[in-house]
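Colleague: The structure that follows is given in the form of structure tokens.
Laboratory data are not the source of any read-out in this text; all were calculated from the coordinates shown. Source: prediction; values computed, not measured. All Cβ positions, glycine included, derive from the backbone under ideal geometry; neighbour counts span all protein chains shown.
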Number of protein chains: 4
Amino acid sequence: MAAKVKVGILGASGYTGAELVRLLLRHPRVEIVCLTADRRAGQTMGAVFPQFAPYELPTLISIDDIDWKNSGLDLVFCALPHATTQKVIKDLLSKAPQIRIVDLSADFRLSDTSAYARWYGHEHHAPELQPEAVYGLAEIYPREIKAARLVANPGCYTTCAQLPLIPLLKARAIDPEEIVIDAKSGMTGAGRSAREEMLFSEVSEGFHAYGVGKHRHMAELDQEFSKAADKEVVVSFTPHLLPMNRGILSTIYVRGRRGRTPEGLHAILLKFYEKKQFVHVLPFGQTPQTRHVRGSNMTFIGVAADRIPGRAIIISALDNLTKGASGQAIQNMNLMLGFPEAMGIDQAALFP
Amino acid sequence: MAAKVKVGILGASGYTGAELVRLLLRHPRVEIVCLTADRRAGQTMGAVFPQFAPYELPTLISIDDIDWKNSGLDLVFCALPHATTQKVIKDLLSKAPQIRIVDLSADFRLSDTSAYARWYGHEHHAPELQPEAVYGLAEIYPREIKAARLVANPGCYTTCAQLPLIPLLKARAIDPEEIVIDAKSGMTGAGRSAREEMLFSEVSEGFHAYGVGKHRHMAELDQEFSKAADKEVVVSFTPHLLPMNRGILSTIYVRGRRGRTPEGLHAILLKFYEKKQFVHVLPFGQTPQTRHVRGSNMTFIGVAADRIPGRAIIISALDNLTKGASGQAIQNMNLMLGFPEAMGIDQAALFP
Amino acid sequence: MAAKVKVGILGASGYTGAELVRLLLRHPRVEIVCLTADRRAGQTMGAVFPQFAPYELPTLISIDDIDWKNSGLDLVFCALPHATTQKVIKDLLSKAPQIRIVDLSADFRLSDTSAYARWYGHEHHAPELQPEAVYGLAEIYPREIKAARLVANPGCYTTCAQLPLIPLLKARAIDPEEIVIDAKSGMTGAGRSAREEMLFSEVSEGFHAYGVGKHRHMAELDQEFSKAADKEVVVSFTPHLLPMNRGILSTIYVRGRRGRTPEGLHAILLKFYEKKQFVHVLPFGQTPQTRHVRGSNMTFIGVAADRIPGRAIIISALDNLTKGASGQAIQNMNLMLGFPEAMGIDQAALFP
Amino acid sequence: MAAKVKVGILGASGYTGAELVRLLLRHPRVEIVCLTADRRAGQTMGAVFPQFAPYELPTLISIDDIDWKNSGLDLVFCALPHATTQKVIKDLLSKAPQIRIVDLSADFRLSDTSAYARWYGHEHHAPELQPEAVYGLAEIYPREIKAARLVANPGCYTTCAQLPLIPLLKARAIDPEEIVIDAKSGMTGAGRSAREEMLFSEVSEGFHAYGVGKHRHMAELDQEFSKAADKEVVVSFTPHLLPMNRGILSTIYVRGRRGRTPEGLHAILLKFYEKKQFVHVLPFGQTPQTRHVRGSNMTFIGVAADRIPGRAIIISALDNLTKGASGQAIQNMNLMLGFPEAMGIDQAALFP
């Protein structure tokens, strides 16, 4: 049996941390040697997430207690809150520059540090590292990811919107001025912090939009869509919260350019993802459901004709904690470390 | 105390039937004298909906068992499936032309009987009655409803989309060519028929679109939007199903015309609904949640600026069984019979 | 129209506060003149519970800002957290002894102040008021409630268990040594405080027991069951949390005494509640569902035979926020002020 | 790599069928060569369960189309409805006696064919096969299962109740006359048939008991408990339905015998399951939650002291589709075929 790499998870007490543990426990080439959770340091992982009580896992420690230089770590997943990660990674890499990093926060996703400052309200704390950070959308940048030391794992909403739109923008197949993305996410996307509006009794049996006109994921969308289209693209994007745990569905309204029909858009996507294991393009006219990707690393994409000539409705679905976060982070690790891309993340979806 | 009118409910074993009973039990001017449910004839209402077991209500009968002429009925609510109602009402009115009718099905909503045939796949069975049918959107057609014998209660999706859009189209304030309506509904909108895809285990913890590009409610939208804009309007409309029981939320993307700002659109709605008890326009920038209208006859409407200049995002929320069906039906009855518009339907929402 | 009484609600930003407002808005003899919420003082009720935005209600204030003496209040509902109410009521009554009080907390439910200290971990802060406090189980103590100045509204779990068991214990019809109460509650019973274990993502799609062997509601059960049986009664009681908002269902295992059959137990309950509007005893062998009492003040009780001879299974269901809290509080107010018992709380349940 | 065995799944369009496919797709020693679903014959598995669309799987066929003799099958999972399986297996084994069978229905669980006839209302159709059928509770009968050709996989409720109770009954540690099992199950336990009472709108936001005093799983409980106690045992058992998909939690009330304390009962279970990978006994006083075993083959068991001296409350939790059905079926297959017991079913639970 091949040797195992030693990985650490910073921020193991949150949902993306738990999802990393769930998946890595079954990864044949990985050993989890370090789990951090500052407020829960000293506790077992089973105390924080009882589903892991039967497994042998390292006790939670504080980040400050890690001696990076002598840690023996090969790769670290950062599942820390936004705006706390830049400093941690800067410190880590200054002491142990050989460690590979997959960062699940937004801290290294924007290549333009001034855009970062504008959207996140504070200066970037590690601008010198930003140039080497690779945007980790695995289906779009596999070559860059393989060579990267620091990968910025994309956001969940942005992964769900980019996978269908980037191939179409690259092909100049849709009008970049008229894209509407109506996105709906399960509650785990909001994290595990104890806030009144996230209580069960507040969320159950109801639905609403939030961040209307001003959600931070727009910055990532702007960056990647503009890059794909080779011109500035600004989309309408509205996120909503669903009374369920896992899943994002994006309903995307586009207009074909230069005579592209909805069928033509479908053909582009089908071809683009022909060899990609984690993107499944449905037959034309069929549309996906979030439940059928739950717990899996799959993205399902459907294309249908709008009744307005020339317009199409594209719908994509993924699990925000898996392909939208921790699954894709492991996919990136697999690419970085030369493992088969699907290793450890090839579980079928859990439905019902 | 004023005398009570005698009403009947045809199709009392479905969800809109139950919602009518729930509300009418507290209506001070109404006596329920007749409840029909063909497949459950002979049973008590409490057997079909146990919440009504403590109340005295007529036993369920078959429609065929009603002697319309001698029934003493003043008004009938039809909560029958689409495509079965035209014949029933035709027969009813031929025998008892003085009975008022509020029809909750789609059978009399389209004034153009050829449009009806096209969307519903069969000829209209009572074309001679169609001209007198009034489209029962209570905030838009109060005068016509007061004078009507036969009111076609609007659909739930259409009520939710029309209340925010009709005033804007009438005012020529938005571009009628660029309207996208992304609508999400709770499961009760799909009715009570036992179908696999409506099982709890199929619906829970998931989300999906359906009828993409071809939902029947489009016919109603076309008719009313075109009337309001005085030109043909065709919108993009995508319905989705939410893992919850009650509530519709429509996220509507529009472009202001002739320099109308999002604030300007908001001002139009605020003024239009100033005196309307059942439409509440939120302060500019705030957006509604379905949970805050659950079980009430209210529609909440919010307007926010999109980040694309000139574009606005309008969100409306209502309870599909109340304002989207049975509550509005009673509102129509109140108008038809000269009762205060809010009588019996002024309950505050049930949240949490 | 008869004059209205002036009521205040202390603790209006919690769920029982909201439920009081929902119901009192439709009570024909009540005017809400005062709403308090210390942390939200200065805000509108619509800011705290958006469903009330369309209604005219007093702005939230701090309790300390009330001049009890000159408040003009006739009756006050206390919906404050446990252990904070004794001091508030003591102060209130010292300044305005004519005000009637319905307290929804546990602070005055235990007539034995030493039992209170034992279960709640601190001395009773108003022992001199305890003797006049009446335990407000409306179906059992109507006479005492009518004469009371201070009513201690029962807990939700305890109401649900006491309504079926007290008549049987009074009749010496069941063995008091062998009662098992397995209780399940919706999440609103846990209140509105922002705690990790109450987040949607923690609660959804799961089920668990809590407080096993040591829940505080046991103190109330002990007191009332012992009183009914005229001997010390200690029951097995296990509460659980359901992934839903409203509703409690108690499954109760009992053994008939002196040859009492399950049918005999059913007959006792049927007779006891014959004239009680808010308790509905189902036909023998049928059992209730929480959904059929949602939002109503009803309790549904069913009795079935266990397959073990002599044993019966009794199931009771109510809405924890209505009959289990605010609805019963208004029922108590109605009794105290001489209004019809069901005034303002006679809504039918909201299902589906 | 070791050779793969060829397995078939009869009844692949139901939930336990889908769960078998989900797990077997990752089993390194299994190849799925045959899937049946009579009403869906000719369709792909992806049409019936879209989550499997990306995988290569055999097209669904009718059972009648299988030539058992030449099928090359090593083992068959029967996930057919109760009462249809006896004939199918009889026919199968008459033609291909070497095929191993794990039957997930109730058809071979009762060793007493007259008990079967009494509980299921018809004669056993394969009484000659019953004697060789082994009751497949893997932790209790591993030796028998290894040698079996035909294994009757236990029911979900019964697995959940038997795992904690059988060791205690065997040790004569609890009073067999006073066992109360209050069981709660997610909706997938009710299967995929389209029935009104299983619709989302009927189930959501509510809770109820069913089959009170007369559920068929009692027959299995009687058989196995009596065997363990070596005397006739009849328990109180009440099943309930939870508004969630997966998970069973049993709250069990017992009395220790001959001075056994709750701690003593806990010690027995801890020791009994010390080496069992799929049963995790929590520290004394802690109790499990269904969400922490979701999608895994684990059973979590907790023991707490009741406040009534000598009485304990035992709570067990498992996923009804995994350890309660398909996971245990694969565990049985692993035992029968000499594979490691946990092969293919060692996924960690999916939470949140």
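Colleague: Between the helical axis of B:156-170 and the dominant principal axis of chain B, each derived from Cα atoms, what acute angle in degrees is found, rounded to the nearest 10?
Modeller: Taking Cα atoms only, the helix is inclined about 50 degrees.
Colleague: In the structure displayed, which of A:Lys146/A:Lys275; A:Lys170/A:Lys323; C:Lys95/C:Lys170 lie more than 28 Å apart, Cα to Cα?
Modeller: Result: C:Lys95/C:Lys170 exceed 28 Å.
Colleague: Within a 10 angstrom radius of the beta carbon, how do C:Ile268, A:Ile145 rank from fewest other beta carbons to most?
Modeller: C:Ile268, A:Ile145
Colleague: Work out the FRET efficiency for A:Lys227 and A:Thr84 from their Cβ-Cβ distance, taking R0 = 35 Å, and round it to the nearest 0.05.
Modeller: So, using R0 = 35 Å, E works out to roughly 0.85.
Colleague: A further question on this structure: Per DSSP H run of n ≥ 4, the term is -39500 (n - 2.57); total these for chain B, divide by its residue number, and report the mean residue ellipticity at 222 nm rounded to 500 deg cm²/dmol.
Modeller: Using -39500 (n - 2.57) per qualifying helix, the result is -7500 deg cm²/dmol.
Colleague: At what distance in angstrom do the alpha carbon centres of segment C:1-16 and segment A:210-286 lie from each other?
Modeller: After rounding, the separation between the Cα centres reads 50 Å.
Colleague: Same structure again: At C:Arg257, with labels set 7 Å past Cα in the Cβ direction, how many nm apart are the copies from this one, shortest first?
Modeller: For C:Arg257, the inter-copy label distances come out at 2.8, 8.1, 8.5 nm.
Colleague: While we're here: How far apart, in nm, are two points set 7 Å out from the Cα along the Cα-to-Cβ line at C:Lys95 and at C:Glu128?
Modeller: Result for the modelled spin labels: 1.7 nm.
Colleague: Let me see the pair-distance distribution of segment C:280-352: every alpha carbon pair, 10 Å bin width, integer percents in order.
Modeller: 21, 39, 26, 12, 2
Colleague: Provide the net charge surrounding B:Gly310, with neighbours chosen by a C-beta distance below 10 Å and charges set as Lys +1, Arg +1, Asp -1, Glu -1.
Modeller: +2
Colleague: Now, a different point. Rounded to a whole number, what is D in µm²/s for segment A:5-132 from Stokes-Einstein with the Kirkwood radius over alpha-carbon pairs (10 °C, 1.306 mPa s)?
Modeller: Using the Kirkwood radius from Cα pairs, D works out to 105 µm²/s.
Colleague: Taking the beta-carbon count within 10 Å as an exposure proxy, list A:Leu337, A:Leu269 from fewest neighbours to most.
Modeller: Going from least to most buried by this count: A:Leu337, A:Leu269.
Colleague: Report the net charge of residues surrounding D:Asp230, where surrounding means a beta-carbon distance below 11 angstrom and charges are Lys +1, Arg +1, Asp -1, Glu -1.
Modeller: Local charge sum for D:Asp230: +3.
Colleague: When the scattering of chain C is computed by the Debye formula from its Cα atoms alone, each counted once and equally, what is log10 I(q)/I(0) at q = 0.10, 0.13 Å⁻¹?
Modeller: Calculated log10 I(q)/I(0) at the listed q: -0.59, -1.01.
Colleague: Please give, to one decimal in nm, the separation of the simple spin-label points placed at C:Arg26 and B:Asp175, each 7 Å out from Cα toward the Cβ.
Modeller: That separation, rounded to one decimal, is 4.5 nm.
Colleague: Considering only the label points, 7 Å along Cα→Cβ from Cα, what distances in nm to one decimal separate B:Glu144 from the same position in each other copy, shortest first?
Modeller: Going from nearest to farthest copy, the values are 5.6, 6.2, 7.4 nm.
Colleague: Round to the nearest 0.05 the FRET efficiency obtained for C:Asp67 and B:Lys4 when R0 = 35 Å and r is the Cβ-Cβ distance.
Modeller: 0.15
Colleague: In nanometres, what is the gap between the two model label sites at B:Ser193 and C:Ala342, each 7 Å from Cα along Cα-to-Cβ?
Modeller: About 3.7 nm separates the two model spin labels.
Colleague: Let me ask something else. Based only on other Cβ atoms within 10 Å, what is the fewest-to-most ordering of A:Arg311, D:Arg39, B:Arg257?
Modeller: So the ranking, lowest neighbour count to highest, is D:Arg39, B:Arg257, A:Arg311.
Colleague: Report the extension gain between C:Arg143 and C:Glu56 in nm, rounded to one decimal, defined as 0.36 nm multiplied by the number of residues separating them, less their alpha carbon distance.
Modeller: 27.8 nm
Colleague: Write down the Å³ per residue value for the convex hull defined by the alpha carbon atoms of segment D:261-306.
Modeller: Given the Cα convex hull of segment D:261-306, per-residue volume reads 56 Å³.
Colleague: Any idea what the relative contact order of segment C:157-320 is, in percent, if you count C-alpha pairs under 8 Å spaced at least 6 apart?
Modeller: 29 percent
Colleague: Just report the Cα centroid separation between segment B:288-323 and segment A:110-142, whole Å.
Modeller: 35 Å
Colleague: A further question on this structure: Given a Förster radius of 60 Å and the C-beta distance between A:Lys275 and C:Ala115 as r, what FRET efficiency does 1/(1 + (r/R0)^6) yield to the nearest 0.05?
Modeller: Using R0 = 60 Å, I get an efficiency of 0.25.
Colleague: Report P(r) for the protein assembly as shown: all Cα-Cα distances, bin width 10 Å, range 0 to the bin holding the largest distance, values in whole percent.
Modeller: Taking every Cα pair in the protein assembly as shown, the percentages come to 1, 8, 16, 20, 21, 18, 11, 4, 0, 0.
Colleague: I would also like to ask the following. At q = 0.11, 0.18, 0.19 Å⁻¹, what is the log10 ratio I(q)/I(0) for segment D:157-320, with the Debye formula run over Cα points and no solvent?
Modeller: Values, matching the q order: -0.44, -1.11, -1.21.
Colleague: Still on this model: Above 17 Å lies some portion of the pair distances; for segment A:129-209, what is it as a whole percent of all C-alpha pairs?
Modeller: Summing the P(r) of segment A:129-209 above 17 Å gives 64 percent of all pairs.
Colleague: Just need the relative contact order of chain C here, percent rounded to a whole number, with Cα pairs under 8 Å and 6+ apart.
Modeller: 17 percent
Colleague: Using mean Cβ contacts within 10 Å as the protection proxy, how do D:117-129, A:317-329, A:91-103 order, highest first?
Modeller: A:317-329, A:91-103, D:117-129
Colleague: How far, in whole Å, is the closest Cβ of chain B from the axis that maps B onto A, and which residue does it belong to?
Modeller: Looking at chain B's Cβ atoms against the axis toward A, the nearest is B:Asp182, 2.
Colleague: May I ask for the angle, rounded to the nearest 10°, between helix B:217-229 and the longest principal axis of chain B, with both axes built from Cα atoms and the value confined to 0 to 90°?
Modeller: 60 degrees
Colleague: While we're here: Say the cut-off is 29 Å between C-alpha atoms; which of A:Lys90/A:Lys227; A:Lys214/B:Lys231; D:Lys4/D:Lys184 go over it?
Modeller: A:Lys214/B:Lys231; D:Lys4/D:Lys184
Colleague: Here is a follow-up. Where Lys and Arg each count +1 and Asp and Glu each count -1, what net charge lies around A:Pro54 among other residues with Cβ under 11 Å from its Cβ?
Modeller: Residues near A:Pro54 contribute -1 overall.
Colleague: When Cβ neighbours within 10 Å are restricted to other protein chains, what is their mean count per residue of peptide A:310-320?
Modeller: Going residue by residue through A:310-320 and averaging, the value is 2.
Colleague: Oh, and also: If you average the alpha carbon positions of segment D:36-67 and of segment C:30-88, how far apart do those two centres end up, in angstrom?
Modeller: Each part's Cα centre sits 62 Å from the other's.
Colleague: Tilt of helix A:15-24 relative to the longest C-alpha principal axis of chain A, in degrees (0 to 90, nearest 10)?
Modeller: Helix A:15-24 sits roughly 80 degrees off the main axis of chain A.
Colleague: Once the label point is set 7 Å along the Cα-to-beta-carbon vector, what list of distances in nm do you get between C:Arg172 and its counterparts in the other copies?
Modeller: List, nearest first: 3.8, 8.9, 9.7 nm.
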